[in-house]
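The structure under discussion appears below in the form of structure tokens.
Values in this text are rule-based calculations from the coordinates and carry no lab data. It should be emphasised that the depicted structure is a prediction, and the values quoted were computed from it without experimental measurement. Cβ coordinates were reconstructed from backbone atoms using ideal geometry, including for glycine residues, and neighbour counts include every protein chain displayed.
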Amino acid sequence: MSRLTSRLDDLCVALTGQDAVVVYHQLQAIAANVISWLLVLLRVRVPALRLGRKGADSAVLVLSPGGFERFALEPLPVESVVTVGYNVTAPTVERLPTCNSLARLPDGPPPGHAIVRIKAFSVNYADVTIRWGLYESAIKYVGYPICPGFDLAGVVERVGPGASVQEGDTVVGITFFGAYSERVLVPCHQLFAVPKGMSIAQAAALPSVSGTALHALALAGLWPSLPASRNRAVLVHSAAGGVGSMLVQMAKAIGCHPIVAVVGASHKVAACEALGATAVIDKSKEDLWSAASKAAPGGYCAIFDANGVQTLARSYSALAQTGTLVIYGFHTNLPTSSMLNPLAWARMLVGILRMPRFDPMDLVLSSKSVAGFNLSFFADETRMVGRYFEQILAWVEDGSLALSNVTTFPMDELPRAHDAIQSGQSIGKLVCLTRHAGD
């Protein structure tokens, strides 16, 4: 059986670049999304979100890939039941057989861990792809049902031996899934004190986007110190979004110039100007690449692109010698509706087939680089997480980094937050407040 499984894995990797379990879940995702689409066509009413409870703490689960109807509320009936990230491996953490995101703690928090009563959690685009069944780490390490969410802010409720936080501390943290909850177990090295003057909603909005932005700058060779090159021009796609707004501010803090921000709608221009962008290109009104060339005639030392097939090839062409294209998403490959109908799957397939292939010989001859990542690798990089957040919180403290555009939703209106972020029209960060937000 193990030999058959190994051969199946080899075949799937050869054909798709992914393990068999990932391929299986993505096929399941296709089927689930097609069913959701057919239900809409047949006008079968399905509940948008079952969050009609009061009382016990709860977590929001995605039961299986699909639209908003796949959300469900799971009570956390006793204090020993919590949500938990996939990188928590302490032997006293008993994951529930019905859901890998839920665990029982019969002996309380394990050493070096804390239970946090969540007051706010942020909504990231990655959460939407988890709901659609497209986020590989969620499939590979957790499966369905899953409690999504990376970012949280709240109060430490209980601590294990040797914890670096204390009960009653107000903290901001990152978890590798499990933040769509009112009670979560988190390793203490993933928790940090909320900076003075920062609201609980702003704190919850901070970890993923700021960590992604700082790692992108590090991959581009711009942090912790700028390169000796005289070219320090950077271009940021989707600059009014969560990661984009962080990149603009961080680029300003470290001395990049010019900082060219790209947006897709006129109502986002002022927000980017306020963040410190030298120039803002509204691609709904002007040609993106003509304007980009005018803003930095010598090309760019770094371009940050989460758009996907729509811009990647031209982004690479716009680099200067020794420039780096940093890729951290593929938003334009994905639809803006709440579910993936067959046409959306076909469109994504076409996008994958049209994805540029970067020639190693050209990389050498043109002295350019391409780098890519997603946030899941932070789960194993505890030292890196600590170093990054030391810098991020220092920038927050000295005013270099702010979260001025945070839109909040009640936890029971989570579908509205998902709808807003996948529409592409939102500015800044989206945060859900739990019933503990006012405590």
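Which pairs break 25 Å Cα to Cα here: Lys140/Lys283; Lys368/Lys429; Lys294/Lys368? Lys140/Lys283; Lys368/Lys429, as the Cα separations exceed 25 Å there.
Straight-line cross-link reach from Lys268 at under 16 Å between alpha-carbon atoms covers these aspartates and glutamates, not counting any fewer than eight positions away in the same chain: Asp282, Glu286. Inter-label distance, Glu381 to Lys294: 3.7 nm, where each label sits 7 Å from its Cα along the C-beta direction. Remark: the Glu413-Asp439 segment gains 7.4 nm on full extension, using 0.36 nm per residue and subtracting the alpha carbon distance. Listed by Cβ neighbour count within 10 Å, with the fewest neighbours leading, Glu79, Glu157 appear as Glu79, Glu157. Of the DSSP H helices in the chain, those with a Cα length along their own long axis of 15 Å or more and a mean Kyte-Doolittle hydropathy reaching 1.0 comprise 20-41, 207-219, 242-254, 342-353.
Per-residue ellipticity at 222 nm, computed for the chain from helices alone with -39500 (n - 2.57) per DSSP H run of at least four residues, works out to -10500 deg cm²/dmol.
Fully extending the segment from Ala402 to Ala228, taken as 0.36 nm per residue of separation minus the present Cα-Cα distance, adds 59.8 nm.
As a rough footprinting exposure proxy, the listed residues Trp289, Trp37 were ranked by other beta carbons within 10 Å of their own, and the order from fewest upward is Trp289, Trp37. Ordered by the number of other Cβ atoms lying within 10 Å of each residue's own Cβ, fewest first, Val262, Val156, Val350, Val431 fall into the sequence Val350, Val156, Val431, Val262.
Against the empirical curve 2.2 N^0.38 Å, the C-alpha radius of gyration of the chain lands at a ratio of 0.98.
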